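Inspection log for the structure reproduced underneath, given as structure tokens.
The values are calculated or read from the model by the stated rules, or taken from the named source; none is laboratory data. Quick caveat, the model's predicted, so the values are computed rather than measured. Glycine gets a Cβ as well: all are built from the backbone with ideal geometry, and neighbour counts include every protein chain shown.
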Amino acid sequence: MANATLAMMQEIEMEAQAVLESYDQEIADLRKASEEDLAALALQYDQDTQAEVSQLKNLAEKEIDKLRQEIQGTIAQNEAAVREALTDKKDQLVQAIVDRVVASYGH
């Protein structure tokens with residue numbers, strides 16, 4: 001009877017060890033699966049972020065090009081206005097300069 005009890009206790013201990021090992025394996029499997037899921041999520045997040053950055057960069061470049069064209073147009077308009085003003089008032093400007101020179105230095 002002592003041998004039977006000892007054998008039964010050893011069987012129980014072996015079963016408990018087998019259950020413990022299966023739990024340890026299950027924990028390891030779950031940990032690995034979680035790490036793989038996390039890595040996949042991180043990769044997807046990086047790809048999404050890169051796509052969004054690329055899209056925003058393209059929008060910013062288009063906006064910069066648009067603003068440069070607007071600036072060039074404004075500069076061209078301003079230069080045309082200055083040329084027109086100088087052309088239209090050239091005689092008056094020359095006369096004003098002559099008048100000042102005459103006033104300062106005499107006849």
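Of all the numbered requirements in (1) at pLDDT below 90; (2) part of a helix (DSSP H, G or I), His107 misses one, and that requirement is (2).
When Gly73, Gly106 are checked against the criterion of being out of contact with any strand residue (DSSP E or B) (no Cβ under 6 Å at 6 or more places or on another chain) and exposed (fewer than 10 other Cβ atoms within 10 Å of the Cβ), a single residue qualifies: Gly106.
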